[in-house]
1. What is the Å³ per residue value for the convex hull set by the Cα atoms of the stretch 108-149?
2. If you take the alpha carbon radius of gyration of the chain and divide it by 2.2 N^0.38 Å, what ratio comes out, to two decimals?
3. When the Cα centres of the stretch 196-211 and the stretch 1-65 are compared, how far apart do they sit, in Å?
4. The stretch 1-85: which trypsin sites (Lys or Arg not before Pro) are DSSP loop and have at most 14 other beta-carbon atoms within 10 angstrom?
5. Only sites in a loop by DSSP and with at most 14 other Cβ atoms within 10 Å count here; which GluC sites (Glu not before Pro) in the stretch 221-286 make the cut?
6. Once you have the Kirkwood Rh of the stretch 175-234 from its Cα pairs, apply Stokes-Einstein at 25 °C and 0.890 mPa s and quote D in µm²/s.
7. Hey, which of these cross-link pairs are over 30 Å Cα-Cα: 282/342; 31/282; 325/358; 192/342?
8. If you average the sequence gap of Cα pairs under 8 Å that are 6 or more apart and divide by the length of the stretch 74-169, what percent do you get for the contact order?
Amino acid sequence: MSYHRDAIAPHGGELINRVASPEQKEFFCAKADFLPRVILDERAVSDLEMIAIGGFSPLTGFMNQVDYNRVVEEMRLANGVVWSIPITLSVTEEVASPLQVGGLVRLDNSQGEYIGVLELSEKYTYNKKREAANVYRTDEAQHPGVQVVYAQGSVNLAGDIWLLQRDAHPHFPTYQIDPAASRQMFREKGWKTIVGFQTRNPIHRAHEYIQKCALETVDGLFLHPLVGATKEDDIPADVRMRCYEILIEHYYPLDRVILAINPAAMRYAGPREAIFHAIVRKNYGCTHFIVGRDHAGVGDYYGTYDAQYIFDEFQPSELGIVPMKFEHAFYCTRTKQMATTKTSPSTPGERVHLSGTKVREMLRRGELPPPEFSRPEVAAELARAMRIGQTALI
């Protein structure tokens with residue numbers, strides 16, 4: 001498949017497709033009862049899907065030891081291509097022991113459905129503390145990403161994968177737009193420059209401001225909320241998506257925005273995950289990527305702008321996608337508009353700083369966030385969701 005008409009080539013140069021053809025699926029299904037079985041958790045299912053549809057290009061499967069070690073140590077695959085997050089299938093020694101390198105492994109989801117196949121090429125152990133310290137910049141078990149690493153099995157299974165079953169998303173089937181499809185949409189719209197936006201939070205006015213600032217300089221905006229596994233206290237994906245739908249309908253130019261879901265799981269790896277999120281959006285066809293304050297951060301583990309600084313560690317040509325770095329936006333009471341310190345003459349006392357945390361705190365108290373924080377229609381939707389118990393986790 002040629003990508004000369006696309007605005008940007010996929011990471012590594014080729015958009016990977018590991019979705020089994022009908023003939024391949026028939027072949028693998030015929031072997032179903034004879035294959036050893038590994039049950040995937042929610043994150044592994046997301047990773048399997050993202051590899052298969054090309055969202056994790058150039059990966060064709062779960063990482064081998066050489067790739068894994070170099071990613072953990074240097075943020076590169078063995079061939080030198082930039083990659084910042086290990087994508088591994090970790091199991092217990094008990095599960096790994098009977099599996100034969102060179103054979104096929106049946107991959108089931110938690111419901112016992114046969115959804116994929118692993119061509120097992122390698123089994124290897126790894127150092128969990130080293131992965132935590134390098135990838136998450138901490139080995140504290142309280143960090144949600146580190147917690148996952150410590151809880152998973154001690155053996156990584158490596159090899160190419162095939163995705164056999166992929167159902168329409170139960171909540172967002174119309175927004176389930178794969179990289180090949182998003183690239184086609186960009187081509188049809190004639191967009192040569194596209195900025196991607198990542199979020200796991202409900203949108204507030206600061207998000208809207210930086211998105212529209214970015215949109216002033218590019219052809220299109222690709223809103224790509226993450227709907228894979230997140231922390232228990234994050235706002236549910238269906239609530240976040242409704243907020244986006246409301247905002248786009250009332251406040252955005254419909255011909256310059258595409259809303260789609262990102263099925264990946266959240267890692268909370270701060271700076272490294274900012275690079276990862278940019279690469280994923282590059283695979284979806286974005287030429288630019290918004291990196292705001294504390295991107296993919298959690299708690300106080302990362303500096304406010306560490307996720308922006310990390311982009312300076314690579315040559316622009318190595319990443320391909322252009323980071324658009326934004327300062328912390330606030331509502332300026334002097335100029336009566338959203339701004340940053342670059343554009344506002346205000347004193348600190350004249351700045352209303354917005355955050356998902358503040359919105360959640362107000363909702364807990366039964367208060368509607370003011371217009372300076374959130375568009376009234378969005379605030380009303382968040383309040384409605386809380387009343388019916390959908391955001392009990394807020």
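The values are calculated or read from the model by the stated rules, or taken from the named source; none is laboratory data. Just so we're clear, the structure is a prediction, and the values are computed from it rather than from any experiment. Neighbour counts run over all protein chains shown; Cβ positions are idealised from the backbone, glycine included. What goes into the accessible areas is simple: the full protein's heavy atoms, side chains included, and nothing from ligands, DNA or RNA. Shrake-Rupley method; radii C 1.70, N 1.55, O 1.52, S 1.80 Å.
1. That works out to 110 Å³ per residue.
2. Values: Rg = 21.3 Å, N = 394, 2.2 N^0.38 = 21.3 Å.
Output field value: 1.00.
3. Value for the Cα centre distance between the two parts: 30 Å.
4. Values: sites: 5, 18, 25, 31, 37, 43, 70, 76; in loops: 5, 18, 31.
Hits after loop and neighbour filter: 5, 31.
5. Numbers: sites: 232, 245, 249, 273; in loops: 232.
In loop regions of the stretch 221-286 (DSSP not H, G, I, E or B), the sparsely surrounded GluC sites (Glu not before Pro) are 232.
6. Numbers: Rh = 13.0 Å.
Using the Kirkwood radius from Cα pairs, D works out to 188 µm²/s.
7. Numbers: 282/342 28 Å; 31/282 36 Å; 325/358 23 Å; 192/342 28 Å.
Exceeds cut-off: 31/282.
8. Values: 135 pairs, mean separation 32.7, N = 96.
Relative contact order of the stretch 74-169: 34 percent.
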